[in-house]
Amino acid sequence: MEYTAHFRCVAGCKGSYSIEEIIYKCPHCGELLEVHHDLDALRQRSPSSWISLFDERIRTNQWPYGSGVWGKKEWIAPELDDACVVSLHEGGTNLFWAERYGKRMGLSDLWIKMCGNSHTGSFKDLGMTVLVSVVRQMIKNSRPVEAIVCASTGDTSAALAAYCAAGGIRAVVLLPRGKISTAQLVQPLANGALVCALDTDFDGCMAIVQRLSREPGVYLANSMNSLRLEGQKTVGIEIVQQFDWQVPDWVIIPGGNLGNVSALGSGFDMMYALGLIQKLPRICVAQAASANPLYRAYKAGWDKYEPMVAMPTEASAIRIGNPVSIRRAVRTLNKFNGVVEQATEKELAEAVATADRTGTFACPHTGVALAALVKLVKRGEVQKNDRVVVISTASGLKFVDFKIRYHENRIEGFESALANKPIELPNSYEAVKSSVFHAIDSKPPLT
Ligand SMILES: *Cc1c(COP(=O)(O)O)cnc(C)c1O
Ligand SMILES: [Zn+2]
């Protein structure tokens, strides 16, 4: 069976374009493009046969099909030559039952999908493997790509730099100077990317990179380029697969540029269209209160959407005031009976600290999602027996500076409720023993 995929306009204009073409927007109306799969061809294979194929491949060493993305290759980039795939065995991240944390907020079936347990420490790997692999095929077919460029709040550039380094392609990244974590800055440097730290914010970097991408030989890797969403859509598929092909009631996802929520939705859409699942989950997008254009539009009944200047937030990867994928995200929310919530700096930090007390090491974006969930539970919108999945988007290890400031009670604007500082002691058995027993006598364990 021949499976095919093309770019098409999200607004439905006529025309389809090869995924190897350098094109990001519809030439008729200027809207974004999306990858359209030939579902009739995919339907020639039965749902149970897709399920057994995907289950056979997951996490095997049968390259590249052991990757969480390439194990679903027919649904992602069916015409890509295996020899062009640039994979770092992404996906297949753990989905765990957050039993103690769930109980605290009155939920019995809360799960966290650890997308940050990935090669570069965020879910961005899922999309970048697809984009860089397609570029490798373009180069092989003599299309002149000299460099792949992106603007980034930190994680996109880390993923781009790593996949380009693995594939032998030049990477150029534009970052807002001083607005990303040290770990995120060092990642593209280490992988040999050309790193431009600009005196502006993410939206400013985005404006420049869009112009740059019109120059010959320059290929754009931002999520305006919908190839990345094809890889990212595997997160929803993988969650369902990890639940033995059962669909959860809710998925909570932090959103900035809003590509990821659109991708999440399209993974579920595709499983539904091809008969692998019979229902859809509800989706909640969680935004930081200081960068909440989607939340505001939602509150206004979708009547007016206005880009804003995003203010500082610890959740730096979602500090975006003018999300590229706004239209796609609204469409997804409408289809998935979705809601939008927001979290303040205090709410996100305390959510991280509370979850960490039950064994996570959550990043601030995951904190935004957890804080949003607390609100949905309080309102009764999420019910106590609902199966809920929170998407954890990055590794907490990229954000240790935030965590240290929290535990040293140095985050401005509030007192850290769960600060935990080291006790400095002399080299003395008695001193250690006395501290241990003081703790045993004064505090109940694990609160
Ligand atoms: C990119 C990113 C997001 C936001 O994803 P969008 O597609 O921009 O909405 C959230 N969390 C982390 C850690 C990210 O890197
Ligand atoms: Zn169009």
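With the condition kept exactly as written, say whether any residue in the stretch 97-105 is assigned to a loop (DSSP other than H, G, I, E, B) and closer than 20 Å to THR354 by Cα.
Within the stretch 97-105, one or more residues are assigned to a loop (DSSP other than H, G, I, E, B) and closer than 20 Å to THR354 by Cα.
Would you point out which residue out of LYS433, LYS398, LYS403 is part of a helix (DSSP H, G or I), under 21 Å from the mean Cα position of the chain (by Cα) and over 22 Å from ARG100 (Cβ atoms)?
After ruling out the rest, the residue left standing is LYS398.
Taking GLU238 and the conditions (1) assigned to a helix (DSSP H, G or I); (2) within 16 Å of ligand 2 (Cβ to nearest atom); (3) within 22 Å of HIS365 (Cα to Cα), which numbered condition does it fall short on, given that it satisfies the others?
That leaves (2) as the condition not met.
Answer yes if at least one residue in the stretch 432-444 is surrounded by fewer than 24 Cβ atoms within 10 Å (Cβ to Cβ) and within 30 Å of GLY91 (Cβ to Cβ), and no otherwise.
No, every residue in the stretch 432-444 fails to be surrounded by fewer than 24 Cβ atoms within 10 Å (Cβ to Cβ) and within 30 Å of GLY91 (Cβ to Cβ).
Please find, among THR358, THR313, THR332, the residue that is within 16 Å of ligand 1 (Cβ to nearest atom) and part of a loop (DSSP other than H, G, I, E, B).
Sole residue among the options that is within 16 Å of ligand 1 (Cβ to nearest atom) and part of a loop (DSSP other than H, G, I, E, B): THR313.
I need the full set of residues from the stretch 206-231 which are assigned to a helix (DSSP H, G or I), modelled with pLDDT under 95 and crowded, with 16+ Cβ neighbours inside 10 Å, in order please.
Scanning the stretch 206-231 gives MET206, GLN210.
Quick check: is even one residue across the stretch 18-30 closer than 28 Å to THR93 by Cβ and touching a Leu at 6+ places or on another chain (Cβ under 7 Å)?
yes
If PHE336 passes every condition in (1) of a type outside the set (Val, Ile, Thr); (2) at pLDDT 95 or above; (3) within 16 Å of ligand 2 (Cβ to nearest atom); (4) in contact with a Leu (Cβ under 9 Å, 6 or more places away or on another chain) but one, which one does it miss?
That leaves (3) as the condition not met.
Out of all the residues in the stretch 66-96, which are among the acidic types (Asp, Glu) and either under 25 Å from ALA165 (Cβ atoms) or in a loop (DSSP other than H, G, I, E, B) (or both)?
GLU79, ASP81, ASP82, GLU90
When you scan the stretch 1-55, how many residues do you find that are among the charged types (D, E, K, R) and more than 16 Å from ligand 2 (Cβ to nearest atom)?
7
Determine, yes or no, whether TRP63 is outside any loop (DSSP other than H, G, I, E, B), of a type in the set (Phe, Trp, Tyr) and either away from ligand 1 (no atom under 16 Å from the Cβ) or in contact with a helix residue (DSSP H, G or I) (Cβ under 6 Å, 6 or more places away or on another chain) (or both).
Criteria not met by TRP63.
Return the residues of the stretch 134-167 that are modelled with pLDDT of 95 or more and closer than 21 Å to ALA5 by Cβ; say none if nothing qualifies.
VAL134, VAL135, ARG136, GLN137, MET138, ILE139, LYS140, ASN141, VAL145, ILE148, TYR163, GLY167
Residue under question is ARG328, and the condition is that it be of a type in the set (Lys, Arg) and within 16 Å of ligand 2 (Cβ to nearest atom); does it hold?
Answer is yes for this residue.
Give me a count of the residues in the stretch 224-269 that are under 15 Å from SER122 (Cα atoms) and free of Cβ contacts under 8 Å to residues at least 12 places away in the same chain.
Of the residues in the stretch 224-269, 0 are under 15 Å from SER122 (Cα atoms) and free of Cβ contacts under 8 Å to residues at least 12 places away in the same chain.
Name the single residue that is nearest to ligand 1 (Cβ to nearest atom) among those in the stretch 120-168 being surrounded by fewer than 19 Cβ atoms within 10 Å (Cβ to Cβ) and either among the basic types (Lys, Arg) or under 14 Å from the mean Cα position of the chain (by Cα) (or both).
Once the filter is applied, the top-ranked residue is ARG143.
Taking the stretch 320-337 only, how many residues are aliphatic (A, V, I, L, M), out of contact with any Phe, Trp or Tyr (no Cβ under 7 Å at 6 or more places or on another chain) and over 11 Å from ASN257 (Cα atoms)?
1
Could you list, ordered by first residue, the pairs with Cβ atoms under 8 Å in which the first is in the stretch 55-68 and more than 19 Å from ASP244 (Cα to Cα) and the second is assigned to a loop (DSSP other than H, G, I, E, B), at least 6 apart or interchain?
Final answer for the pair search is TRP63/SER87; PRO64/VAL85; PRO64/SER87.
Of the residues LEU80, LEU42, LEU32, LEU95, which is of a type outside the set (Asp, Glu), over 23 Å from LEU227 (Cβ atoms) and either within 16 Å of ligand 1 (Cβ to nearest atom) or touching a residue at least 24 places away in the same chain (Cβ under 8 Å) (or both)?
That would be LEU95, the only listed residue that is of a type outside the set (Asp, Glu), over 23 Å from LEU227 (Cβ atoms) and either within 16 Å of ligand 1 (Cβ to nearest atom) or touching a residue at least 24 places away in the same chain (Cβ under 8 Å) (or both).
Return a yes/no flag: does the stretch 66-75 have any residue that is surrounded by fewer than 13 Cβ atoms within 10 Å (Cβ to Cβ) and either more than 25 Å from the chain's Cα centre (by Cα) or of a type outside the set (A, V, I, L, M) (or both).
no
Inside the stretch 41-63, can you point out the residues that are of a type outside the set (A, V, I, L, M, F, W, C) and within 26 Å of GLY259 (Cα to Cα)?
Once the filter is applied, which keeps residues that are of a type outside the set (A, V, I, L, M, F, W, C) and within 26 Å of GLY259 (Cα to Cα), the stretch 41-63 yields only ARG59.
The values are calculated or read from the model by the stated rules, or taken from the named source; none is laboratory data. Everything numeric in this text was worked out from a predicted model, so none of it was measured. Positions of Cβ are backbone-derived with ideal geometry, glycine not excepted, and every protein chain shown enters the neighbour counts.
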